[in-house]
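Student: Questions regarding the structure given below will be posed in turn.
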Amino acid sequence: MFGKKGFIKTLEAIISIVLLLGLVLFIFSGNSNILKRTPQVVESTNTFVINEFLNNETFRNCFINTNSNLCTEIDFFTTSENRKCGEVIGDFLLKSAPTGYDNKCEVCISSKSCTDLNIPVDKSVYTRSGFIYSEKEKEGRIIRNYIFEK
C-alpha cells in the first residue's frame, strides 16, 4: 500500500510540526505580560485606599455631606482639621499612590461613572469601589478609586 520510505517521511514531518508548535507555545506562554494581572502594589494600594475611605470617620463625613462628584473638589470642611475635605483627600491620595502611578477618585450616587476624570485611554486602569450609606441622609454614595500608570 504505502512505501516504507514515504510513511517515515510523513511521520517525520508531522513530528517536526508538532515539536515546532510546542516550542512556539512554550516561548509565548513564558511571557507573563501577555496574561498580566493587576500588579500586587496596585491591588494592595487600591484596597487600602477604599478601606480607609469606608472606615475613617472624617472621610465618611466628607463623602456623605457632599454634592461634588470629584473627591478632590469637596468643599465641605472637616471637623478634625480646619481644611477642606478635598484637600485632605487629595493629600491622602497623593501619599498613597504607588511609585510610577497616579490615581483619581470620584463619588457618585448612581452605579455608573458620574465624572470625566481624563484618565489616559492608552494605559492600564485599575479600579476599586466601595459603598457608603448614611442613615441620616437616607442615601448612599459609591466611591471609586482609579489607579493608572503615569
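No lab work stands behind these numbers, since they all come straight from the coordinates. This one's a predicted model, so the numbers in the text were calculated from it and none came from an experiment. Note: ideal-geometry Cβ built from the backbone for every residue, glycine included; neighbour counts use all protein chains shown.
Student: Under 24 Å Cα-Cα from residue 95, which lysines qualify once same-chain neighbours fewer than 8 residues away are excluded?
Tutor: 84, 104, 123, 150
Student: If you don't mind, another one. Assuming R0 = 22 Å, what is the FRET efficiency of residue 67 and residue 96, from their Cβ-Cβ distance, to the nearest 0.05?
Tutor: Values: r = 25 Å, r/R0 = 1.13.
The pair residue 67/residue 96 has a calculated efficiency of 0.30.
Student: Quickly estimate the mean residue ellipticity at 222 nm for the chain, helices only: each DSSP H run with n ≥ 4 gives -39500 (n - 2.57), and the total goes over all residues, rounded to 500. Display every interim value, and only then the final one.
Tutor: Numbers: 4 runs with 62 residues, N = 150.
Value at 222 nm, helices only: -13500 deg cm²/dmol.
Student: Let me ask something else. Simple spin-label model, 7 Å along Cα-to-Cβ: residue 125 to residue 40 in nm?
Tutor: 2.7 nm
Student: Can you give me the distance in nm between label points at residue 75 and residue 117, each placed 7 Å from the Cα along the Cα-to-Cβ direction?
Tutor: In this crude spin-label approximation the distance works out to 2.3 nm.
Student: What percent does the relative contact order of the chain come to when contacts are Cα pairs within less than 8 Å and at least six residues apart? Intermediate values should be presented prior to the final figure.
Tutor: Numbers: 185 pairs, mean separation 32.9, N = 150.
Once normalised by length, the contact order is 22 percent.
Student: Would you tally the net charge around residue 106, using a Cβ to Cβ cut-off of less than 15 Å, leaving residue 106 out, and scoring K and R as +1, D and E as -1?
Tutor: Working: positive: 104, 112, 128, 141, 144; negative: 73, 102, 116.
Result for the neighbourhood of residue 106: +2.
Student: A further question on this structure: For the pair residue 57/residue 82, report the inter-label distance in nm, with labels modelled 7 Å from Cα in the Cβ direction.
Tutor: According to this spin-label approximation, the distance is 2.1 nm.
Student: At a 10 angstrom cut-off on C-beta neighbours, averaged per residue, how do the peptides 57-69, 106-118 rank from highest to lowest? Walk me through the numbers on the way to the answer.
Tutor: Details: 57-69: 17.3, 106-118: 13.2.
Highest to lowest by the protection proxy: 57-69, 106-118.
Student: Compute the helix-to-body angle for 85-96: its Cα long axis versus the longest principal axis of the chain, expressed 0 to 90° and rounded to tens.
Tutor: 30 degrees
Student: Hey, another quick one. Among the aspartates and glutamates, which have Cα under 18 Å from the Cα of residue 4 when same-chain residues fewer than 8 positions away are ignored?
Tutor: Partners within reach: 12.
Student: Same structure again: Quick check for me: using +1 on Lys/Arg Cβ and -1 on Asp/Glu Cβ, what's the dipole size of the range 45-140 about its Cα centre, in debye to the nearest 20? Spell out each step's value before the answer.
Tutor: Details: 10 positive and 14 negative charges, 37 e Å.
My answer is approximately 180 debye.
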